[in-house]
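Following: one structure in C-alpha cells, then a few remarks.
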Amino acid sequence: MLLSRNNLNRFLAFWRHFSGANAIHLVLVIFGILLVWTLISHALENPDRYLPSPIAVALSSFDMVYEGLLPSYFGDTIGRLIVGSIFGLALGIPFGLILGINRTVADMFYPMMNFFQSISGIAIFPIVVVWFGNSDKTIFIVILYTSFFPIAFTVLSGVREIPMKYIHAVRTLGGSRFQIIRDVLLPGSLPHIATGSRLSIGFAWRAVIAGEMLAGREGLGWMIFTAQDVDRTSEVILGMLLIGLSWIILDHYLLRPFEADTIERWGLVQR
Amino acid sequence: MSMASTLSVNIQKRIGRQRLRKFFLGSIPFLILITVWHLNEVFNWLEPVFIPKVSEVWEAFFILQEDCEGFSAAIALDQSCMMSTHILSSVGRVLLASIIGLPAGIALGIFAGMSRPISKVLEPIGIFANSISGIAWIPLAIVWFGVGWMTTLFIMLNTIFWLMFFNAMMGVRSIARVYEQSVLTMGGSRWDVITNVYLPGAMPSIISGMRMSMGFGWRALIAAEMIGGDSGLGFMIFSSASEFKIEEVFLGVIIISLIFLATDRYCLIPLEKWTIHRWGLVWKPH
C-alpha cells in the first residue's frame, strides 16, 4: 500500500518538483512569505506577543525538540488520530454497507444519520465531557463520532451507484446473497470507501486538534492552546505550522495516492 | 369508501407515495429514540445529571428566554434574552463572515486564477492555508483580538475565505482555454472574458466551495465560540456544560444541528443543483 506504484510516482514527481523550474517557484513563495512575515514582525511594537519573527519560531522549535516535548506531543496527536479514525472507519464501513444493501433500512436511518451528522463532533463535545470527564476517552469518542458519518454516507452512496446489471449477473448465475455482497458490493464500493476514508480522516484531524484544546490532553492542539495562555506566541505559530504541514504530508503523500490507487484498481468504468 | 381512506388516498396523491413512505420510515428511529429517552426518565437507568428529561430540554428554551422584555430587546442582542441572543449572534457571525468572505475570496480567487504562472505560485499557499484553516487559528486569534466577537468572526472568515479562494482559483484554472481564446478572438476585452467565461465557468466549483465552507465554517465557528467567544451557541453549550446544566447543552446541540440542516437543505443544496444545471459545462471540447 505504501510502496505502491502511484506512491512511487508521487515521490518521483515530488522530487522533480524540487529539482525543476517549479522548485524555484516554491522556494520563491516560501522566501516571499518569510520576508513579509519578518517585515511585519519588525514593524510591530511588541513582536514577541503578537507575531514573533520566523527566527524566533525556529529557535523555539529547537528548544522544544531539545526538551523532547515536540516529538512526544506530535506522537500523541498522531496516535489519537490513528486509533480514533480506525475505530470510526471500522464502524462506519459496515454500517454504510448495510444501509446500502437494503433500501428500506436506508430510508429508515437516513434522516437520523443526517441529523446526527450535522451535529458536528465538536458540538457534542460538552455532552461527552459531562459524561466522561476530561480524559482520553472523551477525545476518542469525539473522533469516532466525527469520522463515522462521512464514511458511512460515502459507502452508502457507493453501494447505491453500483450498476444493477452486475448484481443481476451474479443472481442469474445462481449466486447467493452473501456472494453478491462479497463479489459485487464490497469491491464495487471500494473506491468510495477510499474517498470516504480520506474525508473521514480529514474531519477527524480537525476534531483531534479541537478535542485536545478543549479536553486539555497533551498534544499539538493542547500545545498551541497552553502556549497562548502563557504568552509564548512563537510556540503557537510553531504548532500551527506543524499542524498544517503534517496534514499536507498525510493528505497529499499518503491518503490521496492511496485513493488514486484504489480507484485505479477497483473503479467501475462504465462504457 | 369511508372518510379515512378517501383522506389517505388524497394525501398520497398530493404528496406522493414515495415521499410519504420515506417520511414515515424516517420518523421511526426518531420516535424510538425519543421513547427510549422518555423511558430513561421513567425508569431512571441513567442519572438525570447525564441525560436530562425530555420536558426539561423543551422548557429550557423558554426559561432562557424568560427575562426577555420584547422583540426590540431580542433584536438588540440584550443579555436578558439569552436564547435569542445566542442564536442571533451565531447566525449573525455566519452572515457577516459570508458577506465579507465570499465576495473577497471569489474575487481574489478569480484574479489569481487568471494568470496561470501566478496561480501556480499561489496554489501551495492555498493548500497550506486550507490545511490549517479553522480551529488551529483559534489561539493566535485570541492573542490578536482577545476573547469576543472579533476572534470568532476571524475564525469563520478565515475558513470561508481560503476555501473560496482555492475553489475559485481551481475553477478558473479548469476552464478550457478555448472559451477564453474565442472571446478574445471575437474582439472581447479582458473584462468580457472575466464576466462571460471565468465567472460562469468557475461557478459550479465556487458553489460547491460555498457549501463546503459552510460545513467547515459552522464547525469551526462553534469551536471558536467555545474557546474564544463570549456569546453564541457554542459558548452557550460550553458554559452550560461547565455548570452541569445538561438540559441547556442538549437544547443547544439540537439547535446547532437544526440550523445547519436547514441552511444546507433549503439554501445550499438547491443553489448547487440550480448552478450545475444552469452553468455546468457538460460539453467539453477535446
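The values are calculated or read from the model by the stated rules, or taken from the named source; none is laboratory data. Given the structure is predicted, the values throughout are model-derived calculations rather than measurements. A quick note on method: Cβ atoms are made from the backbone with ideal geometry, for glycine too, and the neighbour counts reach across all protein chains shown.
Tabulated values for the structure
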read-out: Of the criteria (1) surrounded by fewer than 23 Cβ atoms within 10 Å (Cβ to Cβ); (2) over 21 Å from the mean Cα position of the chain (by Cα); (3) more than 17 Å from residue B:110 (Cα to Cα), which one residue B:211 fails; value: (2)
read-out: Whichever residue in segment A:71-100 is within 15 Å of residue A:220 (Cα to Cα) and without any contact (Cβ under 8 Å) to a residue 24 or more places away in the chain and, among such residues, is farthest from the chain's Cα centre (by Cα); value: A:71
read-out: Failed criterion for residue A:145 (all others in (1) surrounded by fewer than 22 Cβ atoms within 10 Å (Cβ to Cβ); (2) assigned to a helix (DSSP H, G or I) hold); value: (1)
read-out: Failed item, numbered, when residue A:134 is tested on (1) within 20 Å of residue B:234 (Cα to Cα); (2) assigned to a helix (DSSP H, G or I); (3) not small (Gly, Ala, Ser); value: (2)
read-out: Residues satisfying the stated conditions in segment A:114-124, i.e. under 18 Å from residue A:200 (Cβ atoms), within 8 Å of chain B (Cβ to nearest Cβ) and either over 21 Å from the mean Cα position of the chain (by Cα) or part of a helix (DSSP H, G or I) (or both); value: A:114, A:116, A:118
read-out: Residue match in segment A:99-106 (condition: buried (at least 17 other Cβ atoms within 10 Å of the Cβ) and of a type in the set (S, T, N, Q)); value: no
read-out: Any hit, segment B:74-85, residues being within 30 Å of residue A:129 (Cβ to Cβ), away from every other protein chain (no Cβ under 12 Å), among the hydroxyl-bearing types (Ser, Thr, Tyr) and crowded, with 21+ Cβ neighbours inside 10 Å; value: yes
read-out: Qualifying residue in segment B:54-73 (condition: within 14 Å of chain A (Cβ to nearest Cβ), surrounded by 11 or more Cβ atoms within 10 Å (Cβ to Cβ) and not small (Gly, Ala, Ser)); value: yes
read-out: Only one of A:75, A:96 that is buried (at least 16 other Cβ atoms within 10 Å of the Cβ), away from chain B (no Cβ under 14 Å) and farther than 14 Å from residue A:207 by Cα; value: A:96
read-out: Criterion violated by residue B:241 - all others in (1) at pLDDT below 85; (2) touching a helix residue (DSSP H, G or I) at 6+ places or on another chain (Cβ under 9 Å) satisfied; value: (1)
read-out: Test set (1) at pLDDT 85 or above; (2) more than 9 Å from every other protein chain (Cβ to nearest Cβ); (3) closer than 25 Å to residue B:238 by Cβ - residue A:158 fails condition number; value: (3)
read-out: Within segment B:236-250, considering residues that are more than 9 Å from every other protein chain (Cβ to nearest Cβ) and within 16 Å of residue B:49 (Cβ to Cβ), the one surrounded by the fewest Cβ atoms within 10 Å (Cβ to Cβ); value: B:243
read-out: Residue within segment A:47-62 that is farther than 30 Å from residue B:244 by Cβ, in contact (Cβ under 8 Å) with a residue 40 or more places away in the chain, surrounded by fewer than 21 Cβ atoms within 10 Å (Cβ to Cβ) and charged (D, E, K, R) present; value: yes
read-out: Filter result for residue A:32 (within 14 Å of chain B (Cβ to nearest Cβ), part of a helix (DSSP H, G or I) and at pLDDT 85 or above); value: yes
read-out: Members of segment B:7-48 found to be acidic (Asp, Glu) and within 14 Å of another protein chain (Cβ to nearest Cβ), listed by number; value: B:47
read-out: Answer from B:217, B:188, B:252, B:234 - the residue that is small (Gly, Ala, Ser) and more than 26 Å from residue B:146 (Cβ to Cβ); value: B:188
read-out: Residues that are β-branched (Val, Ile, Thr), touching a residue at least 12 places away in the same chain (Cβ under 8 Å) and within 11 Å of chain B (Cβ to nearest Cβ), drawn from segment A:189-242; value: A:208, A:209, A:224, A:233, A:236, A:237
read-out: Conditions (1) modelled with pLDDT under 90; (2) within 23 Å of the chain's Cα centre (by Cα); (3) within 14 Å of another protein chain (Cβ to nearest Cβ); number of the one not met by residue B:90; value: (1)
read-out: Selection status of residue B:108, in contact (Cβ under 8 Å) with a residue 12 or more places away in the chain and away from chain A (no Cβ under 14 Å); value: yes
read-out: Residue in segment B:128-137 that is surrounded by fewer than 22 Cβ atoms within 10 Å (Cβ to Cβ) and more than 7 Å from chain A (Cβ to nearest Cβ) present; value: yes
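Yes or no, residue by residue, for (1) surrounded by fewer than 19 Cβ atoms within 10 Å (Cβ to Cβ); (2) modelled with pLDDT of 85 or more; (3) outside the structural domain of residue B:211 (by TED's automatic domain parsing):
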position: B:100; (1), (2), (3): yes, yes, no
position: B:108; (1), (2), (3): yes, yes, no
position: B:117; (1), (2), (3): yes, no, no
position: B:122; (1), (2), (3): no, no, no
position: B:125; (1), (2), (3): yes, yes, no
position: B:141; (1), (2), (3): no, yes, no
position: B:144; (1), (2), (3): yes, yes, no
position: B:155; (1), (2), (3): no, yes, no
position: B:160; (1), (2), (3): no, yes, no
